[in-house]
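Here, each number is a calculation from the coordinates, and none is a lab measurement. Quick caveat: nothing in here was measured; it's all calculated off a predicted structure. When we count neighbours, we look across all protein chains shown, and the Cβ atoms used for this are built from the backbone with ideal geometry, even at glycine.
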Amino acid sequence: NDEAQRQANTAFTIIDQNRDGIISKDDLRDVLASMGQLNVKNEELEAMVKEASGPINFTVFLTMFGEKLKGADPEDVIVSAFKVLDPEGTGFIKKDFLQELLTTQCDRFTAEEMKNLWAAFPPDVAGNVDYKNICYVITHGEEKEE
């Protein structure tokens, strides 16, 4: 389905830290560190990369991680992906940064899609976007009651 494809594209883009279209050992290390796994051994990273039959491009990523994510809470998975973009752990991402990512990487957002995103999730006066709210809506389909 299109929404799952878009979510996978976003996750791949976030994990592919150097934006070269391939998920490397260093990309994996950065993502795992952002999820709190700070002391992952080099051998463990090499084992993950070797699970693939070749370089981990987007298609290989979908195949490898689709099985691993079954049974995982999709909200936690998506929040973890966003946390890569929030190294200080504030719970927010700058609107301008998020807009640049979404309009220049992978499955690029159109101006109309960006307008709809900001209408649904308006940034605060400082230009911060609450990504946990976005993740909740992606996985639950409606805004959280405050």
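Averaged over residues, the count of other Cβ atoms within 10 Å places the peptides 15-24, 37-46 in the sequence 15-24, 37-46, highest first.
If you filter the range 91-128 for trypsin sites (Lys or Arg not before Pro), then keep DSSP loop positions with at most 15 other Cβ within 10 Å, what is left?
On the way: sites: Lys94, Lys95, Arg108, Lys115; in loops: Arg108.
Hits after loop and neighbour filter: Arg108.
Using the Karplus relation 6.51 cos²θ - 1.76 cosθ + 1.60 with θ = phi - 60°, the per-residue 3J(HN,Hα) values for the range 131-136 come to 6, 5, 5, 4, 4, 4 Hz, with x marking Gly and Pro.
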